[in-house]
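Here the structure is laid out as C-alpha cells; the discussion comes afterwards.
The values are calculated or read from the model by the stated rules, or taken from the named source; none is laboratory data. Every value quoted in this text rests on a predicted model; they were computed, and no experiment measured them. Ideal geometry is used to build each Cβ from the backbone, glycine not excepted, and the neighbour counts take in all protein chains shown. What goes into the accessible areas is simple: the full protein's heavy atoms, side chains included, and nothing from ligands, DNA or RNA. Shrake-Rupley method; radii C 1.70, N 1.55, O 1.52, S 1.80 Å.
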Amino acid sequence: MSLTLTYFPVRGRAEVIRVMLKDQGAEFDEKVITMEMWKEGTLKASCLFGQLPIFQDGDLTLYQTNAIRRHLARKLGLYGKDQREAALIDMMDEAIQDLLNKYIKLMFEKDDSGKERYLKALPTDLKPFEKTLSSNKGSFLVGDKISLADYALVLLLIHHQVLSPPCLDAFPSLQSYLKRLCARPNLHAYLHSDDFKNRPIIPGNRA
C-alpha cells in the first residue's frame, strides 16, 4: 500500500484516521500543512471541497474524513463480518459523529461558557454506548472484532477525559472498554508516543 495523509499539525478531524492506521500496523506517509501554507491558497484551491484532510491510496485521492475512514475500514477489514454487522457499525458510528460534532462545537467556542451545559448533557449522550457495550459483553460496539466505530469512540472518550477526567466514572463498561482497547500493543505505543501527546486536539490546544 502507498498511503499518504495530508493534514494540519493537530489531531482534529484526521486523528481518527491516524489511530486506525497505527493500530492496524499500516505504514503511511504524512504531509504536514502549516497554517501559513494553507493561507497561501494554492493547496486549498486544489482541494475538491476546499478542506483537509486529503488521503491518497495509490492513484485514489479522497477528501472528507468519514469517506476516508469507510474506505480504510473496507480495505483493512474493519467493517464487520457481514452486511448486518456493517449496518450496525454505521448506526453506532452515526451516533458517535453526533456527539463528536457537539464536542467540536464546544472546542471552538471562544470561552468556557458552554462547558457546564455540555458536561451536564454528557451522561445522556454516553448512556447508549454503555448499554450497547454491556449487551455485547463489553467487547466491541458490534460483533467480536474492532471496527471503524470503535476507533472513533475510543478517541472521543480519550479527548473527553481531557475535558473532564471523571466523565466516565458512572460508566463501568465504557471504562473497561477504553482501558482494554488502549492496551492493544500498536495503539498503546502510538498513544504514548510524542507524536500523539504533542499534537494539540485543535489549534490553540483548548480542552
Checklist entry - Taking residue 75 as the anchor, which lysines have their alpha carbon closer than 25 Å to its alpha carbon, excluding any fewer than eight residues away along the same chain? => result 22, 31, 145
Checklist entry - Ignoring ligands and nucleic acids, what accessible area does residue 154 show with a 1.4 Å probe (Å², nearest 10)? => result 10
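At a 1.4 Å probe radius, carbon and sulfur cover how many percent of the accessible area of segment 83-184?
Working: 3040 of 5460 Å².
Carbon and sulfur together cover 56 percent of it.
Let me check against my output: what whole-number percent is the relative contact order of the chain, with C-alpha pairs under 8 Å and at least 6 apart?
Computed value for the chain: 25 percent relative contact order.
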Item to check | Charge tally in the Cβ shell below 10 Å around residue 51, where Lys, Arg are +1 and Asp, Glu are -1, residue 51 excluded | outcome: +2
Item to check | Alpha carbon centroid spacing (whole Å) that separates segment 115-147 from segment 86-105 | outcome: 11
Item to check | For residue 8, distant residues with modelled amide H under 5 Å away | outcome: 33
Checklist entry - Does segment 114-207 come out rounded, prolate or oblate by the C-alpha gyration tensor, with a ≥ b ≥ c the root eigenvalues, rounded set by a/c under 1.5 and, if not, prolate when a/b is larger than b/c and oblate if not? => result oblate
Checklist entry - So what's Rg/Rh here for segment 42-124, counting alpha carbon atoms and using the Kirkwood radius for Rh? => result 1.08
Next on the checklist: I need to check one value: relative contact order of segment 83-184, counting alpha carbon pairs closer than 8 Å and at least 6 residues apart, in percent.
Outcome noted: 31
Next on the checklist: Quick check on the chain: helices-only [θ] at 222 nm, where DSSP H runs of length 4 and up contribute -39,500 (n - 2.57) each and the sum goes over total residues. Nearest 500, please.
Outcome noted: -17000 deg cm²/dmol
Checklist entry - Considering the dipole of the chain built from charges on the beta carbon (Lys and Arg +1, Asp and Glu -1) around the Cα centre, which of 121, 6, 67 is farthest to its positive end? => result 121
Item to check | Simple label model, 7 Å out from Cα along Cβ direction - residue 67 to residue 47, nm | outcome: 1.3
Item to check | Accessible area per residue in Å² at 1.4 Å probe, computed on segment 83-184 | outcome: 54
Next on the checklist: Can you tally the net charge around residue 175? Count Lys and Arg as +1, Asp and Glu as -1, for every other residue whose Cβ sits under 10 Å from the Cβ of residue 175.
Outcome noted: 0
Next on the checklist: Translational diffusion coefficient of the chain at 4 °C, 1.567 mPa s, Stokes-Einstein with Kirkwood Rh over Cα pairs, in µm²/s as a whole number.
Outcome noted: 72
